[in-house]
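Nothing in this text is a laboratory measurement; each read-out follows from the coordinates by a stated rule. Just so it is clear, the structure is predicted and the values come from calculations on it, not from any experiment. Here Cβ is always computed from backbone atoms with ideal geometry, including for glycine, and neighbour counts include all displayed protein chains.
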Ligand code: FAD
Ligand code: SF4
Ligand code: SF4
């Protein structure tokens, strides 16, 4: 399909708008309105640039897309949203061009709509339950809830309409938040609103967690994340950066010596998993986390100025087929690679990444090599990667996950020449906090154990986000943060 510019898409929307404006729409009329395409930058041009790929709906597109909503009485979409955003209500406001009313409705339950509208796996959540998608038998044809959410959040920010939340009278109580990812930032916001003094302790020199160091700029502009952090600062939240809880101070020291009345642990799942194959310690092998952090947070692509410039590689092999693998592969082009292969031991049908992410990677030139898996990383005399030895696979019977299991074909080893390999096979929890905090329990997977209100086994300590759930999503981390903050506020009010 030929790439359409934002101007062309806006014109299409304006013509649709003329047809429906002022008309009492029936459900049949609404179903006949074409879904509005997300404007994006031209694939060839964007694949070498860091700026955001998706450009966001124009006003006409947003109003037309909102008019596709059937305003279902049973509201199945709300059940699909982990924080229960009032979806039909905010969409109805967009259809009436009350954009401020729409964003205020979303903010009753979700604190980060500009972010969630961009990165939520909507097709599995809210849009996965949408009646329109069900009628068309495709979640992709559902009302574009995420794009509408992003539109109103961007509209509010770009038009300086952001209103700061009311803050209750100071309570004199102190809350320590450990980790400045979406879980921690949400707790910080909700506890600050309740009048408590909140300090966020963060190991890195910047707040935002994976939203800042993992998810690339071309999917989530860092200025948007920074804007949310600046708002927290305006609310009086303090940040203590380069502070690794468990080393700089232990959690017990924060509670006992620094007199915090409550603590929230939102330290995420930042410990990369490796393949445990020969050659993985060669120069030029990266975990996706390290690769993306060097690019996003350390600005490693700025080869002249960066303290830790990124390793030059023309041909990059990425192992894995999830969203993180797509991010790493697309980032490789932006860091100067001319050829990027994704190696996956199953087939396209089993890929866990979002369809939109796979499509974007493909449009930008990423090559998918299915039914192959690395068995060894090959190095040259300087100890640098010069290739990957892979084994071919075929699909066997479905495994416990329901996906057909990959079966290696004996004697099928062959080599892919390359000069860097990125391992994107998921992340586990960093054990530092549990190891250095007596009484803080974890489950068999290394996740901190919590009760239904996010309270841990240790008094005065709550936890949430990836450190509890394992690698999950921004909105789930935010949802757990809200639950924990409500419990902390309840406890501190006693
Ligand atoms: P994190 O975001 O991991 O934040 C934890 C913070 O705690 C970090 O800043 C860390 O430095 C800090 N920290 C850790 N230990 C300590 C310590 N001891 N002391 C002080 N600070 C500490 N989700 C989506 O919904 N959509 C996406 O498109 C998406 N894409 C992703 C792409 C990538 C590359 C990755 C890695 C993840 C992606 N995710 C995505 C997942 C999502 O980002 C996470 O689920 C979410 O950020 C978890 O939030 P969190 O607050 O629990 O932890
Ligand atoms: Fe959908 Fe995420 Fe918004 Fe909920 S927060 S409505 S899941 S985009
Ligand atoms: Fe609108 Fe879809 Fe929700 Fe129905 S399920 S109210 S059509 S968004």
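One decimal place: the segment residue 486-residue 5 gains 168.7 nm when fully extended, by the rule 0.36 nm per residue minus the C-alpha distance. Take the alpha carbon gyration tensor of region 293-348, find the square roots of its eigenvalues, order them as a ≥ b ≥ c, and report rounded if a/c is under 1.5; if not, report prolate when a/b exceeds b/c, else oblate. Prolate, because a/c is 1.5 or more and a/b exceeds b/c.
Hey, fewest Cβ within 10 Å first, where do 199, 5 land in order?
Starting with the residue having the fewest Cβ neighbours, the order is 5, 199.
Region 417-464 and region 190-234 have Cα centres spaced 20 Å apart. Placing a label point 7 Å from the Cα of residue 59 along the Cα-to-Cβ direction, the residues of region 1-19 whose backbone N falls under 15 Å of that point are 10-11, 13-15, 17-18. Taking each residue as 0.36 nm, the span from residue 45 to residue 445 lengthens on full extension beyond its C-alpha to C-alpha distance by 139.7 nm. Highest mean first, the peptides 313-322, 342-351 sorted by other C-beta atoms within 10 Å per residue fall in the order 313-322, 342-351. Peptides 445-456, 283-294, ordered by how many other C-beta atoms sit within 10 Å of their residues on average, highest first, read 283-294, 445-456. A crude spin-label estimate for the pair residue 17 and residue 234, with each label 7 Å from Cα along the Cβ direction, gives 2.8 nm.
Ordering 122-134, 164-176, 243-255 by mean Cβ neighbour count within 10 Å, with the highest value first, yields 122-134, 243-255, 164-176. Summed over qualifying helices (DSSP H, 4 residues or more, each -39500 (n - 2.57)) and divided by its residue number, the chain shows a 222 nm mean residue ellipticity of -10000 deg cm²/dmol. If a/c stays under 1.5 just call it rounded; otherwise compare a/b with b/c (prolate if a/b is bigger, oblate if not). Do that for the chain, with a ≥ b ≥ c from the square roots of the Cα gyration tensor eigenvalues. It comes out oblate by the Cα gyration axes. Remark: the residue 413-residue 96 segment gains 108.0 nm on full extension, using 0.36 nm per residue and subtracting the alpha carbon distance.
By its C-alpha gyration tensor, with a ≥ b ≥ c as the square roots of the eigenvalues, how is region 195-273 shaped: rounded for a/c under 1.5, else prolate for a/b larger than b/c, else oblate? Verdict is oblate for region 195-273. In this calculation the C-beta distance from residue 137 to residue 26 is compared with R0 = 22 Å, giving a FRET efficiency of 0.55.
Each label point was placed 7 Å from the Cα along the Cα-to-Cβ direction; for residue 171 and residue 356 their separation is 3.7 nm.
The order of 488, 91, 6, going from fewest to most other C-beta atoms within 10 Å of their C-beta, is 6, 91, 488.
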